[in-house]
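What follows is a short report on a single structure.
The values are calculated or read from the model by the stated rules, or taken from the named source; none is laboratory data. Predicted model, so just to flag it, every value in this text is computed and none were measured. All Cβ positions, glycine included, derive from the backbone under ideal geometry; neighbour counts span all protein chains shown.
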Amino acid sequence: MPTRGSRRRSLAVPAVMLALGMALAGCTDGGNASPTTTPTATASPTPSPTPSPTPEAPALPERPTAMATPSADGATAAAEYFLGDLYPYTYESTNLTAWDELSADTCEFCISVRDDVAEIARTGAKSQQGEVTIDQSFGTEVSPREFYRVELRFTQGASVRTDRNGAILAESERSVVDALVVMTWAEGWQIDAVDVSAVAG
C-alpha cells in the first residue's frame with residue numbers, strides 16, 4: 001500500500017505555477033483590491049452508532065432443598081425441578097451442564113433433549129419456552145434409598161423457536177402433559193427415563 005511520501009513530486013509543479021499566475025494577475029489590476037478570504041469548512045462530527053443491548057442469559061434455577069433427601073418427597077422435588085425448571089432453562093440458555101449432571105447416559109428422553117439443544121446452539125437459533133406449571137405430582141419409593149418413580153401432570157405455555165435472523169422455525173400451543181419419571185438415588189439423583197404424553201383435549 002503506497003504511503004503519502006510515495007506520491008510523485010511532479011504533481012506539485014502545476015500547482016505552484018497556478019498559484020504564481022493568480023498572483024501576477026492580481027498585480028496588473030492597478031487597484032487596491034482587498035484579498036479575498038476563502039471560508040474554511042468545518043466538518044460536522046459523525047454520531048457514533050448506539051450498540052444494541054445484549055439480552056441477558058437466563059439464570060440457572062436453584063435446586064429445591066427437598067431434592068437433598070432420598071425419599072418419595074425428594075424424588076418428587078427432583079422430577080418437578082427437572083421438567084418444570086431445568087427443561088425450559090436448558091432450551092433457552094443452550095447450557096447443558098446442569099441437564100447432563102442429572103441425566104443418565106441411558107435416558108433416551110434426556111439424550112433427545114440434549115441433541116436438540118445442541119443443534120439450536122450450533123445454528124444460532126433461539127427457543128422461547130412457555131412457562132411450565134406443575135398441576136399434579138406423586139412420588140413412589142420402589143426400593144428404599146435407591147429406586148423411585150414420579151408421576152406428574154404439567155401445563156406448558158405456548159413456545160416458539162426462531163432462527164438467528166428472528167424468522168419463526170416452529171411454534172407449539174399451550175399443552176397439558178402427563179409424565180412418568182424413573183430415577184435412581186446414588187449420593188444424588190439421576191434421571192433414568194422419562195415418558196411423556198400429551199393429554200387429549
Check your understanding: Filter the stretch 62-79 for residues that are more than 29 Å from the chain's Cα centre (by Cα) and not in a helix (DSSP H, G or I); which is farthest from Ala98 (Cα to Cα)?
Key -> Ser71
Exercise for review: Return the total of residues in the stretch 130-157 being under 31 Å from the mean Cα position of the chain (by Cα) and of a type in the set (A, V, I, L, M).
Suggested key: 3
Exercise for review: Collect the residues in the stretch 60-87 that are under 21 Å from Asp195 (Cβ atoms) and free of Cβ contacts under 8 Å to residues at least 60 places away in the same chain, keeping them in residue-number order.
Suggested key: Ala77, Tyr81, Asp85, Leu86, Tyr87
Revision key, fill the gap. If we keep only residues of the stretch 160-187 that are among the β-branched types (Val, Ile, Thr) and surrounded by 15 or more Cβ atoms within 10 Å (Cβ to Cβ), then the residue farthest from Asp105 (Cα to Cα) is Thr162
Exercise for review: Scan the stretch 103-121 and give yes if some residue there is over 19 Å from Asp195 (Cβ atoms), among the acidic types (Asp, Glu) and in contact (Cβ under 8 Å) with a residue 40 or more places away in the chain, otherwise no.
Suggested key: no
Revision key, fill the gap. Selection from the stretch 160-201 of residues touching a residue at least 60 places away in the same chain (Cβ under 8 Å) and either closer than 19 Å to Gly74 by Cα or touching a Ser or Thr at 6+ places or on another chain (Cβ under 8 Å) (or both) yields Ala179, Val181, Met183, Thr184, Trp185, Trp189, Gln190, Ile191, Asp192, Ala193, Val194
Practice item. Looking only at the stretch 44-61, count how many residues are modelled with pLDDT under 95, farther than 23 Å from Ser112 by Cβ and either part of a helix (DSSP H, G or I) or touching a helix residue (DSSP H, G or I) at 6+ places or on another chain (Cβ under 9 Å) (or both). Key: 1
Review point. Filter the stretch 80-110 for residues that are of a type in the set (A, V, I, L, M) and more than 21 Å from the chain's Cα centre (by Cα); which is surrounded by the fewest Cβ atoms within 10 Å (Cβ to Cβ)?
Key: Ala104
